[in-house]
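Below is one structure, written out as structure tokens, with a few remarks after it.
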């Protein structure tokens, strides 16, 4: 997957990893359709991309709507033509004790983090299959790889599901010439904290471990897009996550108990 000359669609593009990735895609020669509910954030990003000589359009939308991608994909294709690269990057977070987070909040998180990716893929995948080329990026998380927090279970569920869905898509699509990248970042300085809903007051956030440094979005985006252009499937923002995965795989029982407070 070469970004130069490609047409990309990025969800969650107004901030964080999505914003940095979209900016870097444009810098590498892609035309980028920017999708987010934050219209002002999209406008400022599009202006940055244009000032740097790149090409982007803004598509403000609430992608929790079941029919959102019918319009979004049509508008992106009308502006650029076929979409070569889809980046499913939306991520929202709710915290609280498991007994305090209501089922309705589970539904909201799963709809945005998981089902929006399902709907976007469902809309754009037939064209990629017909052409025999394209690339899908799903942004998951360390939270979907190994256990470290009980305070964000809907988020954990959505990201673990994205990992499994990405693996299945890769088995199906790679033989057809379509790339899949599952991106699992750890701590990254993004704007997700501004949208957190807390259902239990006073809970201190649980991180994956002190060994993981906080990265800037631009660092994460660089790692991701290098991997996309190299056609890599599994990408973490810090290789130390692989050590945790090996420990978990060697003895899941012992690993889980080592994480108890």
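For the structure I just gave you, tell me whether residue 136 is part of a loop (DSSP other than H, G, I, E, B), touching a strand residue (DSSP E or B) at 6+ places or on another chain (Cβ under 8 Å) and either at pLDDT 95 or above or surrounded by fewer than 23 Cβ atoms within 10 Å (Cβ to Cβ) (or both).
no
Condition check: within 25 Å of residue 180 (Cβ to Cβ), modelled with pLDDT of 95 or more and either more than 20 Å from the chain's Cα centre (by Cα) or not in a loop (DSSP other than H, G, I, E, B) (or both). Does residue 125 satisfy that?
yes
Is it the case that the stretch 44-57 has a residue that's in contact with a helix residue (DSSP H, G or I) (Cβ under 6 Å, 6 or more places away or on another chain), buried (at least 23 other Cβ atoms within 10 Å of the Cβ) and assigned to a strand (DSSP E or B)?
yes
Among the residues of the stretch 150-178 satisfying the criterion of being assigned to a loop (DSSP other than H, G, I, E, B) and touching a strand residue (DSSP E or B) at 6+ places or on another chain (Cβ under 9 Å), which is modelled with the highest pLDDT?
In this case the residue turns out to be 177.
Considering only the stretch 26-40, state which residues are under 12 Å from residue 54 (Cα atoms), within 19 Å of the chain's Cα centre (by Cα) and assigned to a loop (DSSP other than H, G, I, E, B).
Within the stretch 26-40, just 30 meets the criteria.
Helices (runs of 4 or more DSSP H) wholly in the stretch 193-261 with at least 1 residues that are loosely packed, with under 12 Cβ neighbours inside 10 Å - which ones?
By residue number, 240-250, 252-258.
Counting just the residues of the stretch 58-86 that are touching a residue at least 60 places away in the same chain (Cβ under 8 Å) and outside any loop (DSSP other than H, G, I, E, B), which one comes out surrounded by the fewest Cβ atoms within 10 Å (Cβ to Cβ)?
80
The values are calculated or read from the model by the stated rules, or taken from the named source; none is laboratory data. Worth saying up front: this structure is predicted, and the values here are computed from it rather than measured. Every residue, glycine among them, receives a Cβ derived from its backbone with ideal geometry; neighbour counts consider all protein chains shown.
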